[in-house]
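Here is the structure we will look at.
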Amino acid sequence: MAKNHDCVVILDFGAVNAQMAAKAVRALNIYCEVLPYTASAERVSALNPRALIYQRGAACGERTAGREPHADVAALGLPVLDLQDAPCDGATLKRFLADDCGIAQDWTTERFIEESVAELRAQIGDKQVLLAMSGGVDSSVCAVLLHRAVGKQLTCVFVDHGCMRKDEPQQVKEIFRDAFGINLVAIDAEARFLARLQGVTDPEAKRKAIGEEFIRVFEEEAGKLGTLDYLVQGTIYPDIIESGWDGGKPVKAHHNVGGLPERIAFKGIVEPVKYLFKDEVRKVGEALGLPRVVTDRQPFPGPGLGVRCLGELTKEKLDALRDADAIFRRAMADRGFDKEANQFFAVLTNVRTVGVTDDERTYGYVVCLRAIQTPDFMTAKVLPLPADFLIEVATEIATAVKGCNRVVYDITPKPPATIEWE
Ligand code: XMP
C-alpha cells in the first residue's frame, strides 16, 4: 500500500491508545503505518514517508516519558508532528498532513480494493489458494477479495463444529456459495466434535479440544483437495502493531480457531487485510457487497457456543442455547438495542432450577443474557437494558426454549469478570 500512496509513519512510544492517531490519519484517507519508536532509520525510510507523527504525550500517559526516537530517524529531516505538543484530532492532523505537507488524501476503500486485487493477482499468479472460512468479517472479506482476484483458484473450507449460532452454517453457504459463487467446501463435523468433546467439562480443555479437532478436520479436507499453494490468513493491522514491539520480527500467527495447520506444506501465506483496522475491514466488506449480517457481525470466539454452553457439550444443550440466543438477538434488533451493544449473547449455565409449566413441575436450565459496551474488548461495561425488555425476553425464552425455565441478566463489568463465561 505504501508504494501506491503518500505514506505517513506514526512512531508509537508505547502510548496507552497506540492506534488512535493511525485511525485518525486514515479517516482523512491518508495511508499510514505504525512502527515502534525504536524503529531504525532504514526501517522508516523503507516506507518512503512524507511525514512522521510521534504518538506520545499528555493524551498517552506516563509510559512514554523519556523515550526518544533514534537519532538517525530524527536526522532524516522529515516534517514531524509531535503529539506531546498537539491534540490528536482530525483538524490538527489535516492541517499538518494535507495543508502543510501537501499529502494526497487518496487512500479510499475503493482504491484499497482495486490495488489489493491487483497485488493478490500478481502474488498468486496461477496457483491455488486455501482459506478457512469462519463466517466472521475478516475471513469473509478475505474470501471476496481473493475471489475477485483469482476466482476459482480459491477454495474456502468451512468447518461446522456444531457450536455455531442458529442458522449460521446455512447462512455461510447461501452468502458465499450461492450469492458470490465462491468455491466453498462445507463440512458438517458436528457429530465428530460432539464425540470428541464427550465428558469434557473444563473450560480450557474444551477450548483445546475444539481447536485441535478443528485443525485435524481442516487438514483432512485440505489433503483431499490436492495441490495447495497458498494459505490465507485473516491477520489484521492491530495484530501486526502489537507484535511490532519485539523489534519488528515476523508477524505473530493469529488464528480464528485453534491454530494453523502446521503439517500441511504451503508455498506461502496470503494476508489480504493485514494493513487494515477492524472498522476498515468492515467498510471494505460493505463496498464488496457483503450483507450487513456479515459486515456488522460481532466478535464470535473461535470455539463458538462451546464456551457459552457451560459444562459438557451435548446437542440438546447446544440446540437450547441456539434457540435462546436467537430469541435474544432478534429482540435486541427489534428494539434497536443491538446498535448500543458491542457484543451480546446468551449463555446456557450448568445450573438447573425448578419451574412450572401448565401446572406441571419442570426442572430446567438457567439461561443467562449478557450485553456489553466496550471500546476495545479489554474492559467492558454492562449495557443497562430496560427491565420491561428483559422481562419480555426472559418470558419468551423460558416459555419457548425446551429445557430452560429461568433467565438471568449478567450485570458484571470486565474486570473483574471476562466477557465470555468460559
Ligand atoms: P473475554 O472473555 O476474554 O473476551 O473478555 C474478549 C473478547 O474476545 C473474544 N474471545 C475470543 N475470540 N477466540 C476468539 O477469536 C477465542 O477463543 C475467544 N475467546 C474470547 C470474546 O468474544 C470477546 O469479544
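The values are calculated or read from the model by the stated rules, or taken from the named source; none is laboratory data. Here the structure is a predicted model, which is why all the values come from computation and not from measurement. In this analysis, Cβ positions are derived from the backbone assuming ideal geometry, glycine residues included, and neighbour counts consider all displayed protein chains. The protein model used for the area step is the full one, side chains on, heavy atoms only, and it has no ligands, DNA or RNA in it. Shrake-Rupley method; radii C 1.70, N 1.55, O 1.52, S 1.80 Å.
Check the range 370-379 and report whether any residue there is among the charged types (D, E, K, R), under 30 Å from V200 (Cβ atoms) and within 12 Å of the ligand (Cβ to nearest atom).
The initial filter retains those residues of the range 370-379 that are among the charged types (D, E, K, R), namely 370, 376.
Those still in the list that are under 30 Å from V200 (Cβ atoms) too: 370.
Subset that is within 12 Å of the ligand (Cβ to nearest atom): 370.
Yes.
Here are some residues: I187, I175. Which one is more than 16 Å from the ligand (Cβ to nearest atom), outside any helix (DSSP H, G or I), within 25 Å of S140 (Cα to Cα) and touching a residue at least 24 places away in the same chain (Cβ under 8 Å)?
Numbers: I175 fails: outside any helix (DSSP H, G or I).
Going through I187, I175 in turn, just one is more than 16 Å from the ligand (Cβ to nearest atom), outside any helix (DSSP H, G or I), within 25 Å of S140 (Cα to Cα) and touching a residue at least 24 places away in the same chain (Cβ under 8 Å): I187.
Conditions tested, residue by residue: (1) open to solvent by 10 Å² or more (accessible area, probe 1.4 Å); (2) out of contact with any helix residue (DSSP H, G or I) (no Cβ under 9 Å at 6 or more places or on another chain); (3) of a type in the set (K, R); (4) within 24 Å of E219 (Cβ to Cβ).
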residue: K127; (1), (2), (3), (4): yes, no, yes, yes
residue: L131; (1), (2), (3), (4): no, no, no, yes
residue: D138; (1), (2), (3), (4): yes, no, no, yes
residue: L146; (1), (2), (3), (4): no, no, no, yes
residue: Q153; (1), (2), (3), (4): yes, no, no, yes
residue: C156; (1), (2), (3), (4): no, no, no, yes
residue: C163; (1), (2), (3), (4): no, no, no, yes
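So which of F328, F337 ends up being over 18 Å from R165 (Cα atoms) and not charged (D, E, K, R)? Steps first, answer last, please.
Values: F328 fails: over 18 Å from R165 (Cα atoms).
Only one candidate qualifies: F337.
Let me spell it out: the conditions are (1) within 16 Å of the ligand (Cβ to nearest atom); (2) aromatic (F, W, Y); (3) in a helix (DSSP H, G or I), and F344 meets all of them except one. Which number is the exception?
All conditions are met except number (3).
Of all residues in the range 290-304 being open to solvent by less than 20 Å² (accessible area, probe 1.4 Å) and among the hydrophobic types (A, V, I, L, M, F, W, C), which is farthest from the ligand (Cβ to nearest atom)?
By that ranking, first place goes to L290.
Would you say D325 is farther than 25 Å from G311 by Cα, in a helix (DSSP H, G or I) and either open to solvent by 20 Å² or more (accessible area, probe 1.4 Å) or within 16 Å of the ligand (Cβ to nearest atom) (or both)? Break it down stepwise before answering.
Details: farther than 25 Å from G311 by Cα: no; in a helix (DSSP H, G or I): yes; either open to solvent by 20 Å² or more (accessible area, probe 1.4 Å) or within 16 Å of the ligand (Cβ to nearest atom) (or both): yes.
The answer is no for D325.
Yes/no per residue for (1) away from the ligand (no atom under 11 Å from the Cβ); (2) not aromatic (F, W, Y):
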| position | (1), (2) |
| --- | --- |
| G364 | yes, yes |
| K381 | yes, yes |
| A394 | yes, yes |
| R406 | yes, yes |
| Y409 | yes, no |
| P415 | no, yes |
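Which of the residues spanning the range 379-407 are surrounded by fewer than 19 Cβ atoms within 10 Å (Cβ to Cβ), assigned to a loop (DSSP other than H, G, I, E, B) and either of a type in the set (V, I, T) or without any contact (Cβ under 8 Å) to a residue 24 or more places away in the chain (or both)?
Of everything in the range 379-407, those that are surrounded by fewer than 19 Cβ atoms within 10 Å (Cβ to Cβ), assigned to a loop (DSSP other than H, G, I, E, B) and either of a type in the set (V, I, T) or without any contact (Cβ under 8 Å) to a residue 24 or more places away in the chain (or both) turn out to be T379, P384, P386.
As an exercise: evaluate V284 against (1) open to solvent by less than 10 Å² (accessible area, probe 1.4 Å); (2) within 16 Å of the ligand (Cβ to nearest atom) and give the number of the one condition it does not meet.
Every listed condition holds for V284 apart from (2).
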